[in-house]
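Trainee: I'd like to ask you about the structure that follows.
The values are calculated or read from the model by the stated rules, or taken from the named source; none is laboratory data. Values in this document were obtained by computation on a predicted structure and should not be read as measured data. Positions of Cβ are backbone-derived with ideal geometry, glycine not excepted, and every protein chain shown enters the neighbour counts. Please note that ligands, DNA and RNA were not included when accessible areas were found on the heavy atoms of the full protein model with its side chains. Shrake-Rupley method; radii C 1.70, N 1.55, O 1.52, S 1.80 Å.
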Amino acid sequence: MTDSPRPTPEVLAAFEQATGFMPLDEGLALYAAAAEAAGRTGLPVLEIGTYCGRSAILLADAARAAGTVALTVDHHRGSEEQQPGWEYHDPGLVDPEVGLMDTLPFFRRTLHRAGLEDHVIALVGRSPQIAAVWGGQLALVFIDGGHTDEHATGDYESWTPHLADGGLLVIHDVFPDPADGGQAPYRVYLRALAEGFEELSVTGSLRVLRRR
């Protein structure tokens with residue numbers, strides 16, 4: 001996308017200070033996609049897989065600029081690779097009272113520090129259950145939740161029907177080479193192409209596609 005919109009330095013600083021895994025170049029591509037889609041349609045943008053809110057900062061700021069909101073979908077108990085004994089487990093995110101991951105308080109603090117709480121609606125629960133009761137259209141769907149085939153496919157099947165005509169589908173952690181990462185998001189990406197989505201951009205492991 002030429003002349004892509006960029007977040008303010010303050011928003012970028014909040015993004016870089018937030019806990020999470022998305023690198024800056026992918027974050028800027030996500031922001032540009034959200035700003036374009038929300039600005040063009042006036043509809044909300046949605047992400048699946050929020051963790052501590054790093055990417056939600058960018059989606060919320062893009063939505064704010066377009067006069068709409070960002071929706072975040074997460075059960076906040078951590079994905080598979082974030083559980084104890086796995087590579088991305090952070091013991092500081094475990095609720096000692098219940099012994100389970102709980103990223104929701106960290107997510108709320110992230111939004112508060114960035115001044116973006118009023119521009120986000122946090123939907124706490126399982127993605128397919130929330131999608132089943134969601135009745136509106138969306139400008140953008142960002143899939144960055146569980147990385148098993150069950151979860152990635154469930155997110156795709158549950159939420160892409162809510163995309164408006166010309167809406168954008170963004171998929172994170174797309175790795176064509178299995179040596180680089182899990183293949184479930186890549187398989188969802190291939191399915192989207194086969195089902196008529198058009199690829200607009202590639203930035204690292206982030207793919208931006210448009211519903212035709």
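Trainee: Determine whether segment 70-77 contains at least one residue that is farther than 10 Å from residue 140 by Cβ, of a type in the set (Gly, Ala, Ser) and in contact with a helix residue (DSSP H, G or I) (Cβ under 9 Å, 6 or more places away or on another chain).
Mentor: No - not one qualifying residue is present in segment 70-77.
Trainee: Suppose we filter 106, 142 for residues that are more than 30 Å from residue 200 (Cβ to Cβ) and of a type in the set (Phe, Trp, Tyr); which single one remains?
Mentor: Answer to the selection: 106.
Trainee: Give the number of residues within segment 21-42 that are open to solvent by 30 Å² or more (accessible area, probe 1.4 Å), within 18 Å of residue 71 (Cα to Cα) and either among the acidic types (Asp, Glu) or in contact with a Lys or Arg (Cβ under 9 Å, 6 or more places away or on another chain) (or both). Explain how you work it out, then say what you get.
Mentor: If we filter segment 21-42 for residues that are open to solvent by 30 Å² or more (accessible area, probe 1.4 Å), which is where we start, we get 21, 23-25, 28, 36, 39-42.
Those left that are additionally within 18 Å of residue 71 (Cα to Cα): 36, 39-42.
Next cut, either among the acidic types (Asp, Glu) or in contact with a Lys or Arg (Cβ under 9 Å, 6 or more places away or on another chain) (or both) only: 36.
Qualifying residue count for the region: 1.
Trainee: Would you check which residues across segment 194-209 are on the phi > 0 side of the Ramachandran plot and in contact with a Lys or Arg (Cβ under 7 Å, 6 or more places away or on another chain) and list them? Reasoning before the result, please.
Mentor: Start the filter on segment 194-209 by keeping residues that are on the phi > 0 side of the Ramachandran plot, which leaves 196, 204.
The one that is on the phi > 0 side of the Ramachandran plot and in contact with a Lys or Arg (Cβ under 7 Å, 6 or more places away or on another chain): 196.
Trainee: Please enumerate the residues belonging to segment 203-212 that are in a strand (DSSP E or B) and at pLDDT 95 or above.
Mentor: Scanning segment 203-212 gives 203, 206, 207, 208, 209, 210.
Trainee: Where residues in segment 77-108 are buried (at least 21 other Cβ atoms within 10 Å of the Cβ) and of a type outside the set (S, T, N, Q), which of them is modelled with the lowest pLDDT?
Mentor: Kept after step one, since they are buried (at least 21 other Cβ atoms within 10 Å of the Cβ), are these residues of segment 77-108: 78, 101, 103, 107.
After this cut, where a residue has to be of a type outside the set (S, T, N, Q) as well, the list is 78, 101, 107.
Working: 78: 70, 101: 80, 107: 95.
The qualifying residue modelled with the lowest pLDDT is 78.
Trainee: Return the pair list, or none, for Cβ contacts closer than 8 Å from residues in segment 195-209 that are among the small types (Gly, Ala, Ser) to residues that are surrounded by 16 or more Cβ atoms within 10 Å (Cβ to Cβ) and in a strand (DSSP E or B), at least 6 apart or on different chains.
Mentor: Listed by first residue and then by second, the contacts come to 196/211; 201/207; 201/208.
Trainee: Same structure again: Quick check on segment 97-134: of everything there that is of a type in the set (Val, Ile, Thr) and within 20 Å of residue 69 (Cα to Cα), which residue is farthest from the chain's Cα centre (by Cα)? Outline the logic, then answer.
Mentor: Our first condition is that a residue be of a type in the set (Val, Ile, Thr); within segment 97-134, this holds for 98, 103, 110, 120-121, 124, 130, 133.
From what is left, the residues that are within 20 Å of residue 69 (Cα to Cα) are 110, 120-121, 124, 130, 133.
Details: 110: 15, 120: 13, 121: 13, 124: 14, 130: 15, 133: 19 Å.
This residue is 133.
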